[in-house]
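Participant: Mind having a look at this structure? Questions to follow.
The values are calculated or read from the model by the stated rules, or taken from the named source; none is laboratory data. Treat the numbers as computed from the prediction; the structure is a model and nothing was measured. Note: ideal-geometry Cβ built from the backbone for every residue, glycine included; neighbour counts use all protein chains shown. For the accessible areas, the whole protein counts, side chains as well, though only heavy atoms, and no ligand, DNA or RNA atoms are used. Shrake-Rupley method; radii C 1.70, N 1.55, O 1.52, S 1.80 Å.
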Amino acid sequence: MVHDFKHAIRTLLKAPGFTTAVIVVLALGIGANTAIFSIVYGVMLKPLPFADASRLVAIESMTGHDRGGTCSFPDFTDWATQSTTVDRMGGYTGASVAVTGHGEATNLSAALVTPELLSLLGVSPLKGRLFQPEDDRRGTAGVAIISESLWQRRFSRDAAIVGRGVMFEGQSFTIVGILPASFEFPIQTDRVEVWLPVGAIPLTAQWKEVRGARFLHAIGHLRAGVTLARAQSEFETIAARLATAYPQSNSDRSARVTPLQERLVRDFKLGLIVLLCAVTAVLLIACGNVANLLLARGIGRQRELAIRAALGASRMRLIRQLLTESVVLAAVAGIAGVLIALWGVAALIAASPVDIPRLREVGIDPSVLAFTMIVSLVTGVLFGLVPALQLSASHAGETLKDATRGSSGAHSARTRQMLVVAEVALSLMLLTSAGLLVRSLIGLGHVNPGFVAERAVAMELSLPESRYADPAAQISFYNRLLADMRVLPGVAASALATTLPLSGNDLGVGFTVEGHPPPDSRTRLSAVYFSVSPDYFTTMGIPVLKGRPFTDHDGATAPGVAIISDEMARKYWPNEDPIGKRLVLRLDKNKGPREVVGIVGDVKQSELSEQTRPAMYTPYPQAPLPFMAAVVRAQADPLAIGGALRAAVTHLDPDQPLGEVKRMDEYLAKAIATPRFTAALVGSFAGLALVLAGVGLYGVMAFSVVQRHREIGIRMALGAQATDVRALIVSQALRMGTLGIGAGLIGALLATRVLQDLLFGVSATDPATFAAVCVMLLGVLLVAAYLPARRATRVDPLVALRAD
């Protein structure tokens, strides 16, 4: 093997052009595969960095029509006390908390957790301690745990910070621990810097008492020997028991138990698998091209191989020598591929618009390097085996007699053609997938979001309840802010709203219609809820279809009113006019019903692809909340208003943390960022596959013209015209292309069905996309075939016959 290795090095160095071409093609394929696998492994396959992670499960409350998700704190408590399959449970929810003192007031990413969660995950504090059960009891002093990065940035690594007080949300919290930077808490996509008990913030403290307030993500630890199926069965039984005991909140709810790691990547799994399949197809096409190069190069080495065989070398000996050369090429390409992957992973993470859990942890670790080594070895065998078998099968005697042309050229022609057919088929599958994703993206781009994003900016605010606990104080602050916003230079309109469309946040509210009780206790009416200022619809460009908008007269002491969306009107009043109807909202405790005074256009709340949901709006003075978003529509440049908006808030309250000022078209762009990113990557791989397939066909046809040099010369000597010769070569290429397109269509019909969940407004078997891809691919193949065909017409018959 050492001899074979040295001989392979010498042989490859003698053909630097060929060697470089092969290494570049393979390095691109291996590097792209390594980069995508790094992300797939880091997100989907790499074990979670928690103690006994394989036995951690996510427990979700779900109904028959949703995918499951958060649970209420009372349900969480009942699950924990009644379960025998889970020995420990913890819960968490994401939040943003304001910190003051020790520098400028700012908002930090936080996790509100049950006291058991951090110990359940097996984290050890860098300093101090973890939470204890008594830390989350009513009336106890507030405690907090901070991250090492916050300790470094905000407190200059002051060792005495543990035990000191710090102001979060305007309340005093004692820092009891510091978690190491190695603890990423990958359950949330934002880097968590503060951990607080669930009841630390007044809003979640209220939610803890409400069984219908589902805000908590639950994690359990399976007892030894307990299977997932047994745990699922038990939690379904507990959910049924709670549905009987609490029909108003739990009548239609069940529970689902899922491995925690699987739950974290559920929303991204399909997209990552599609990318991995796409990049693998590119590598296979690259292998096909390299195999064709080796077959073509092997024609020139027939005499060498024949002499080796005549001197006693067995066929296995020849195959081993040829495979050694292939593996050497693949190994060098693998090393180059790792360098490409290092750049590719960094570029993908930087360009990814998706909040994928654990994405920050992705890198080229030993597992990924092992994958690259295996891919390189398999690639070397894959593209080298076919040429090795083909070339080693030549009969030595025949080859030495026919030394000028060699006997294996004809034998390998069919192999080269079948490789091209396979490349065309794989390319068509990739191009079809990319075409469907692009059409889906175009469809999303034409969806009407229900509001006008141009020239609008927004900033989210949250008033600390310690300083703004009284609803009157909240209303006063926002009234003064609204008045200041209206007089800012360059402002065309301004408004306030609890949440913004497509921001990823929305609130739901249950209600009943006065005089129309639900048909049974299991039926609950609900809608997406917004508390807004009078000019909200004008500022956001949401049309008022019927009735009137809110005015300044709809204040805190005025009769309760509400405006509903067109979808809500169609759903709950299909055959009557909802104007004048009266609603009783569950959040309006001890308040009277609200009168519907208007109907506005539908607005997409979470995603552009979502089914339109009913929505309801109330005047914010009649239902004040501490968190609001300030929206301003500019007369010209919206970015010029951002600084003035921040200054207006600081002028009212210097200690009020400021949110990030964002353009509304950023929210709109983010809504299609994920499908755009997926379509761009798959489209890039498909384009590369198309180029490789075209190059592969060109190489085969060019080599075929060289081999048929004498035949073409005879044909032309006998009177064949240039058009006849071109037709001969192009028809041969079209036969290969047609076979590849036929096989690719069958494969694409099966493969694209997997994409259905990623598509919007287009079928996975869309005829127009399939037809367009076939025409485009056929056009590229015709161009690739025409160039060798034109060269064939330049053959001089006399020169060809004399050379023979």
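Participant: I'm told R297 meets every condition in (1) over 33 Å from the mean Cα position of the chain (by Cα); (2) open to solvent by less than 30 Å² (accessible area, probe 1.4 Å) except one. Can you identify the failing condition by its number?
Facilitator: That leaves (2) as the condition not met.
Participant: Is there any pair linking a residue in the range 469-493 that is among the polar types (S, T, N, Q) to one that is open to solvent by 30 Å² or more (accessible area, probe 1.4 Å), with Cβ under 7 Å and at least six apart or on different chains, and which?
Facilitator: Close Cβ pairs (under 7 Å, with a partner that is open to solvent by 30 Å² or more (accessible area, probe 1.4 Å)) amount to Q474/P624.
Participant: Follow-up question, since we're still on this one. Does any residue of the range 36-46 turn out to be touching a residue at least 60 places away in the same chain (Cβ under 8 Å), closer than 30 Å to V338 by Cα and in contact with a Pro (Cβ under 9 Å, 6 or more places away or on another chain)?
Facilitator: yes
Participant: Can you tell me which of T81, T85, T34 is among the polar types (S, T, N, Q) and open to solvent by 10 Å² or more (accessible area, probe 1.4 Å)?
Facilitator: Result: T81 is the single residue among T81, T85, T34 that is among the polar types (S, T, N, Q) and open to solvent by 10 Å² or more (accessible area, probe 1.4 Å).
Participant: Please work out which one of (1) assigned to a helix (DSSP H, G or I); (2) in contact with a Gly (Cβ under 6 Å, 6 or more places away or on another chain) is the condition G761 fails and give its number.
Facilitator: Checking G761 against (1) assigned to a helix (DSSP H, G or I); (2) in contact with a Gly (Cβ under 6 Å, 6 or more places away or on another chain), the one that fails is (1).
Participant: Filter the range 174-185 for residues that are on the phi < 0 side of the Ramachandran plot and at pLDDT below 90 and give the result.
Facilitator: Hits for the range 174-185 are A181, S182, F183, E184.
Participant: Additional query: Quick one: in the range 523-549, of everything that is of a type in the set (A, V, I, L, M) and open to solvent by 30 Å² or more (accessible area, probe 1.4 Å), which residue is modelled with the lowest pLDDT?
Facilitator: Here the residue is L525.
Participant: Kindly establish whether T19 is modelled with pLDDT of 80 or more, closer than 20 Å to R320 by Cβ and not aliphatic (A, V, I, L, M).
Facilitator: For T19, the condition - modelled with pLDDT of 80 or more, closer than 20 Å to R320 by Cβ and not aliphatic (A, V, I, L, M) - is met.
Participant: Could you tell me whether the range 207-224 includes any residue that is farther than 17 Å from V113 by Cα and open to solvent by less than 20 Å² (accessible area, probe 1.4 Å)?
Facilitator: yes
Participant: Restricting to the range 137-151, name every residue that is assigned to a loop (DSSP other than H, G, I, E, B) and of a type in the set (A, V, I, L, M).
Facilitator: Across the range 137-151, the qualifying residue is only A141.
Participant: Checking the condition open to solvent by 30 Å² or more (accessible area, probe 1.4 Å), under 23 Å from the mean Cα position of the chain (by Cα) and modelled with pLDDT under 90, which residue from K14, K46, K6 passes?
Facilitator: Exactly one of K14, K46, K6 is open to solvent by 30 Å² or more (accessible area, probe 1.4 Å), under 23 Å from the mean Cα position of the chain (by Cα) and modelled with pLDDT under 90, namely K46.
Participant: What number of residues within the range 235-267 are outside any strand (DSSP E or B), under 22 Å from R55 (Cα atoms) and among the polar types (S, T, N, Q)?
Facilitator: Adding up the residues that qualify gives 2.
Participant: Can you name the residue in the range 49-63 that is among the aliphatic types (A, V, I, L, M) and open to solvent by less than 30 Å² (accessible area, probe 1.4 Å) and, of all such residues, is farthest from A213 (Cα to Cα)?
Facilitator: Per the stated criteria, the residue is A53.
Participant: Also, I was wondering about something else. Suppose we filter the range 436-468 for residues that are touching a residue at least 40 places away in the same chain (Cβ under 8 Å), part of a helix (DSSP H, G or I) and not hydroxyl-bearing (S, T, Y); how many remain?
Facilitator: Number satisfying all stated conditions: 8.
Participant: Under the condition of being surrounded by fewer than 14 Cβ atoms within 10 Å (Cβ to Cβ) and not hydrophobic (A, V, I, L, M, F, W, C), which residue from the range 238-265 is nearest to F371 (Cα to Cα)?
Facilitator: E262
Participant: Within the group M701, M716, which residue is modelled with pLDDT under 85, over 29 Å from E423 (Cβ atoms), hydrophobic (A, V, I, L, M, F, W, C) and not in a loop (DSSP other than H, G, I, E, B)?
Facilitator: M716
Participant: While we're on this one: If I ask for residues that are open to solvent by 20 Å² or more (accessible area, probe 1.4 Å) and under 29 Å from T738 (Cβ atoms), which ones from the range 436-465 would you list?
Facilitator: Across the range 436-465, the qualifying residues are V438, R439.
Participant: From the set of residues in the range 638-655 that are over 12 Å from V457 (Cα atoms) and part of a loop (DSSP other than H, G, I, E, B), which is modelled with the lowest pLDDT?
Facilitator: It comes out as D655.
Participant: Looking at the range 130-175, which of the residues that are among the acidic types (D, E) and touching a residue at least 40 places away in the same chain (Cβ under 8 Å) is surrounded by the most Cβ atoms within 10 Å (Cβ to Cβ)?
Facilitator: E169
Participant: Consider only pairs whose beta carbons are under 6 Å apart and that are at least six residues apart or on different chains; among these, list those whose first residue lies in the range 725-746 and is within 13 Å of V421 (Cα to Cα) and whose second residue is open to solvent by less than 60 Å² (accessible area, probe 1.4 Å) and of a type in the set (D, E, K, R).
Facilitator: Once the first residue is within 13 Å of V421 (Cα to Cα) and sits in the range 725-746, no partner that is open to solvent by less than 60 Å² (accessible area, probe 1.4 Å) and of a type in the set (D, E, K, R) comes close enough.
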